[in-house]
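**Student:** Encoded as C-alpha cells, here's the structure I'll be asking about.
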Amino acid sequence: MYISVAIDGPAGAGKSTIANIIANKFDLMYINTGSMYRAVTLMALRNNVDFTDVKSVCNLTKSLEMHFEGNSLIVNGEDVTEEIRNTTVSNNVSNYAAIPEIREILVKLQQDMSNKYNVIMDGRDIGTVVLKNSPLKFFLTASPEERAKRRYEELIEKGTSVEYNNILNDIIKRDYIDSNRAVNPLKKACDSIEIDSSKLSINDVIELISNYIEDYIRKCNVN
Ligand code: CDP
C-alpha cells in the first residue's frame, strides 16, 4: 500500500515549502501539480496557443512528456523549473487550468504517479479529486495580504523586480478563477484538516502535519 498525502490551498499559502520538507522527512515523492499546469501554460504561450483554442491546447498537452527529477520539472527533456514561475505564466495559468480536458489529462498522470510511489502532492483539487481516498488531507490557508507578502519576498530574494500590489492583485484574481471554475474548483474536502498559516511558523505547520502522518503510520503500520 502506498502512502499519499494531499495538500491543497490558494496561491502562496506555503504549500510547496511545507510539502518539500514533509517529503524529505518521510521519504515521499513530492509532486507539485501546479507546476504541471504551469508547464502546459508555458508551452502554450511559447507556441501562441490561446486558452480558448481547446483542441490545440489538448494536442499540445498530449505531446508533452513530463516528469519530476527531485524538485525539477522536466518537459520534453527541458528543465523548465525556473521559467514556469515567471509572472507571465502566473498571470495566465488559471485560464489554462480551467480547461476540463486539460485537467483530465493531468489528473490521470498525477493518479498514475500515486499508484507507483509514496507521494505528497500539492495543488487545488488533490483532496477532492486526485487523491480523493487519501486518509491524510490538509487545506492550507492564509490571508491574501500575508500570501502576497510571502510571494513578494520570495521573488525579491531571487532578484526579480516586482510590485507588491501587482502580486496581491494576481493572487486575488487567481483565487477567484480557481475557486469559481466549473470543473474541480479549489475547495476544502470535507475530510481535510484546515490549517491557517497566517500566524504560524513553517516549523509549527510541519509539526502539526507530521503528527498526523506519524499517527497514521503507527495505526496502519505502513512503511
Ligand atoms: O505556487 P502557487 O500557489 O502560486 O500556484 P501553483 O500551485 O503553482 O498553481 C498555479 C495554478 O495552477 C493555480 O493558480 C491553479 O490555477 C492551477 N492549479 C490547478 O488548477 N490545480 C492544481 N491541482 C494545481 C494548480
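The values are calculated or read from the model by the stated rules, or taken from the named source; none is laboratory data. The shown structure was predicted, so the numbers you read here are calculated from the model rather than taken from an experiment. A quick note on method: Cβ atoms are made from the backbone with ideal geometry, for glycine too, and the neighbour counts reach across all protein chains shown. These accessible areas exclude ligands, DNA and RNA; they are computed on the full protein's heavy atoms, side chains included. Shrake-Rupley method; radii C 1.70, N 1.55, O 1.52, S 1.80 Å.
**Student:** Only residues in region 128-153 that are of a type in the set (Asp, Glu) count as the first member; pair them with residues that are away from the ligand (no atom under 12 Å from the Cβ) and in a loop (DSSP other than H, G, I, E, B), Cβ under 7 angstrom, at least 6 apart or cross-chain, and list the lot.
**Tutor:** 146/198
**Student:** For region 4-39, give me each residue that is more than 9 Å from the ligand (Cβ to nearest atom) and either without any contact (Cβ under 8 Å) to a residue 60 or more places away in the chain or over 28 Å from residue 201 (Cα atoms) (or both).
**Tutor:** Passing the criteria: 20, 24, 39.
**Student:** Got a sec? Which of 204, 170, 196, 178 is among the acidic types (Asp, Glu) and free of Cβ contacts under 8 Å to residues at least 12 places away in the same chain?
**Tutor:** Details: 170 fails: free of Cβ contacts under 8 Å to residues at least 12 places away in the same chain; 196 fails: free of Cβ contacts under 8 Å to residues at least 12 places away in the same chain; 178 fails: free of Cβ contacts under 8 Å to residues at least 12 places away in the same chain.
Matching residue, one of 204, 170, 196, 178: 204.
**Student:** May I pose another question? Which residues, counting only those in region 93-119, are hydrophobic (A, V, I, L, M, F, W, C), farther than 14 Å from residue 32 by Cα and more than 8 Å from the ligand (Cβ to nearest atom)?
**Tutor:** Correct list: 99, 102, 105.
**Student:** Let me ask another. Mind listing whichever residues of region 11-29 are surrounded by 21 or more Cβ atoms within 10 Å (Cβ to Cβ) and not in a helix (DSSP H, G or I)?
**Tutor:** Correct list: 11, 12, 13, 14.
**Student:** If a residue counts only when it is open to solvent by 50 Å² or more (accessible area, probe 1.4 Å) and closer than 27 Å to residue 73 by Cα, which strands (runs of 3 or more DSSP E) contained entirely in region 107-218 have at least 2 such residues? Walk me through it before giving the result.
**Tutor:** Numbers: elements: 119-123, 136-141, 193-196.
Ranges flagged: none.
**Student:** Here's a follow-up. Kindly provide the set of residues from region 67-95 that are at pLDDT 95 or above and among the hydrophobic types (A, V, I, L, M, F, W, C), ordered by number.
**Tutor:** If the condition is that a residue be at pLDDT 95 or above and among the hydrophobic types (A, V, I, L, M, F, W, C), then 73, 74, 75, 80, 84, 89, 93 are the ones that fit.
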